[in-house]
Amino acid sequence: MTSKDKIVKTEFDFGYAKWKEVPEVAKLALENQKGDVLDVGCSTCQLASFMRENGWKGKYFGIDLLKHEGHDYPKEIDLVIGDAVTMPFPEVDTVVMYDILEHVDDPAALLSKALKAARSNVLIKVPLRNEEMWNLGVVEPHQKDRTHKHAGFSREEVRKLVELSGGSVAKSRDLDRIDATTTVKLWRSRFAMKLHYLLAKMFSSREFHATLWCEVVRASR
Ligand SMILES: C[S@@+](CC[C@H](N)C(=O)[O-])C[C@H]1O[C@@H](n2cnc3c(N)ncnc32)[C@H](O)[C@@H]1O
């Protein structure tokens, strides 16, 4: 082995190219889309398959930086491989931006571009940054993704981001509740783990959420 060989793992599978189960945000996209959809940072376009299987008849456009080798893509989609920051967006009814704003240097500019392309609404999903929870020693999964430009958003940053992009929040939903208990440190013992689950049922914990979902519309409406 030479120093040119990669000896430290730097790429990880975060599971987004193949869902283990349909995420809540996919159902929210189906409920809140208004017709044709542009999915920015679409990965393997699983959202298109899910919406089609559930009766959605609109046109689907996807943009992603890369094509994920070894994954099947749905038929009848319009997929463009390229940088969403520089690619022109087609005009659609709804733009979906799930887990993409944390990947770009200027999320407000990208959201603003989406609002211009959307005849009706933009649906966003962002990882929340719960610094208070970090102090308890609980790490958030998105912190480990090296392709992120930063460690998630605070609620105030999301508010500012939407305002700067010329939008306003029509609806929002906190998702992926985290039970921020420090007893996870005891999980080497099955007894302690079971006791932890029992205690968690008996006592409430400080509540945090990993994800914020919003429907954003143009502010002038
Ligand atoms: C965390 S995944 C989210 C995938 C999908 N939206 C979902 O919610 O399951 C982020 C995706 O955005 C893509 N991406 C990152 N930066 C991008 C950019 N500048 N333009 C287009 N796609 C980008 C990545 O390749 C990846 O597929």
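The values are calculated or read from the model by the stated rules, or taken from the named source; none is laboratory data. Just so it is clear, the structure is predicted and the values come from calculations on it, not from any experiment. FYI the Cβ positions are ideal-geometry reconstructions off the backbone, even for glycines, and counts take in every protein chain you see.
Points worth noting:
- Among the residues of the range 92-109, none is identified as more than 12 Å from the ligand (Cβ to nearest atom) and exposed (fewer than 12 other Cβ atoms within 10 Å of the Cβ).
- All of S112, S154, S168 fail the test of being under 16 Å from F208 (Cβ atoms), hydroxyl-bearing (S, T, Y) and either over 13 Å from the mean Cα position of the chain (by Cα) or modelled with pLDDT of 95 or more (or both), apart from S154.
- Any hit, the range 111-130, residues being more than 11 Å from the ligand (Cβ to nearest atom), out of contact with any Lys or Arg (no Cβ under 9 Å at 6 or more places or on another chain), over 17 Å from V158 (Cβ atoms) and in a loop (DSSP other than H, G, I, E, B): no
- Look at (1) among the charged types (D, E, K, R); (2) assigned to a loop (DSSP other than H, G, I, E, B); (3) at pLDDT 95 or above and you find that R221 fails only one, number (3).
- Looking across the range 1-22, just one residue is away from the ligand (no atom under 14 Å from the Cβ) and among the small types (G, A, S), and that is S3.
- Within the range 124-178, the set of residues being free of Cβ contacts under 8 Å to residues at least 40 places away in the same chain and β-branched (V, I, T) comprises V139 only.
- Members of the range 23-58 found to be within 16 Å of the ligand (Cβ to nearest atom), under 14 Å from D78 (Cα atoms) and in contact with a Ser or Thr (Cβ under 8 Å, 6 or more places away or on another chain), listed by number: V37, L38
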